[in-house]
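Undergrad: Have a look at this one.
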Amino acid sequence: MTAISYKHISVVQHNMGNGATEPKFAMTDDNTPVVVKTNNCPEGNLILFNEYFCYRLAILLDIKMPISGVCVIDNETAIYDNCVNANQFGLGFYSTYLHKSTVLIPTIINMMQNKEDFIKILLFDHLIFNTDRNLGNLLVQYYKKNITLQVIDHSHVFINQAIWDANCLYRAMEEKDYFSTRILEDNNYLYDMFFKSMSLNSECLENVAKSFKTLVTKSTLEHLISEIPKEWLPCQTNIDALIEYLLYRVDHIGDICETIKHHTQS
């Protein structure tokens, strides 16, 4: 496993009040505000695997996300409002809290410096079979001359979200799920804001697809998984199936692009 540094959490202040995974607002030892999903969170540690793996994959694909990683909550962490119990001490996933951020509204889209990144996000969601892209996990960081789109929260991905396994992934491959429109349908409310504000440029879509196909390789995926704490890892059978599934998705990314274009034009 690749050695990575863990951020120590000095204080956990409160529950964020949203989400089945019960994220917490916290501060690191260097006074960085972060949002933490703890060890043994309500939906299990596969959530933490999903978050870290998708964060590293998004960064590889040049998709903007807040700086994130692995953190530690322990006996030296101050806990307020009893929002973390002893069973949740250990390694968690943190995402740096975005100051001056707001949820997406249609009127902001044309003001964003990186609105074309939506194409990357759209294909990324298809790569990881993310049917949970919503207003709460697509944020706009709002400064006077720097309005940027950033994504967060990839807890619920790989078809079956918090309970995916080799069986569901192999079944999806047998069913040729690259023809599925479920991602477009389930994420329609948010996607539709972009489709109404910008045209889906076929050349741009295909260029992003080519980039994904170049970057997402077996060795790259294995390297990303090698960074993940062993406490979060699913069994090797499921890891092998996930790598095979993602390579299958990227191998059929041209078909995915055609599915997207056909759906948006119908």
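The values are calculated or read from the model by the stated rules, or taken from the named source; none is laboratory data. Since the structure is predicted, the reported quantities are computational estimates derived from the model, not experimental observations. Neighbour counts run over all protein chains shown; Cβ positions are idealised from the backbone, glycine included. Ligands, DNA and RNA are excluded from the accessible area calculation, which covers all protein heavy atoms including side chains. Shrake-Rupley method; radii C 1.70, N 1.55, O 1.52, S 1.80 Å.
Condition check ((1) over 24 Å from Thr32 (Cα atoms); (2) not in a loop (DSSP other than H, G, I, E, B)) across all residues:
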{"site": "His99", "(1), (2)": "no, no"}
{"site": "Thr102", "(1), (2)": "no, yes"}
{"site": "Thr107", "(1), (2)": "yes, yes"}
{"site": "Lys115", "(1), (2)": "yes, no"}
{"site": "Lys120", "(1), (2)": "yes, yes"}
{"site": "Asn134", "(1), (2)": "yes, no"}
{"site": "Leu139", "(1), (2)": "no, yes"}
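Undergrad: What is the residue count in the range 204-245 for residues that are in contact (Cβ under 8 Å) with a residue 12 or more places away in the chain, among the hydrophobic types (A, V, I, L, M, F, W, C) and within 27 Å of Tyr6 (Cα to Cα)?
TA: Residues in the range 204-245 being in contact (Cβ under 8 Å) with a residue 12 or more places away in the chain, among the hydrophobic types (A, V, I, L, M, F, W, C) and within 27 Å of Tyr6 (Cα to Cα): 11 in total.
Undergrad: Another question about this same structure. When you look at Asn160, is it more than 19 Å from Leu61 (Cβ to Cβ), open to solvent by less than 70 Å² (accessible area, probe 1.4 Å) and either touching a helix residue (DSSP H, G or I) at 6+ places or on another chain (Cβ under 7 Å) or not charged (D, E, K, R) (or both), yes or no?
TA: Judged against the criteria, Asn160 is a match.
Undergrad: Select from the range 235-249 the residues that are β-branched (Val, Ile, Thr) and farther than 13 Å from Phe49 by Cα and list them in ascending order.
TA: Thr237, Ile243
Undergrad: All but one of (1) without any contact (Cβ under 8 Å) to a residue 12 or more places away in the chain; (2) surrounded by 18 or more Cβ atoms within 10 Å (Cβ to Cβ) hold for Met112, so report the exception by its number.
TA: The single condition Met112 does not satisfy is (1).
Undergrad: Does the range 215-239 hold any residues that are closer than 20 Å to Met173 by Cβ and either of a type in the set (Ser, Thr, Tyr) or exposed (fewer than 15 other Cβ atoms within 10 Å of the Cβ) (or both), and which are they?
TA: Of everything in the range 215-239, those that are closer than 20 Å to Met173 by Cβ and either of a type in the set (Ser, Thr, Tyr) or exposed (fewer than 15 other Cβ atoms within 10 Å of the Cβ) (or both) turn out to be Thr217, Lys218, Thr220, Glu222, Cys235, Gln236, Thr237.
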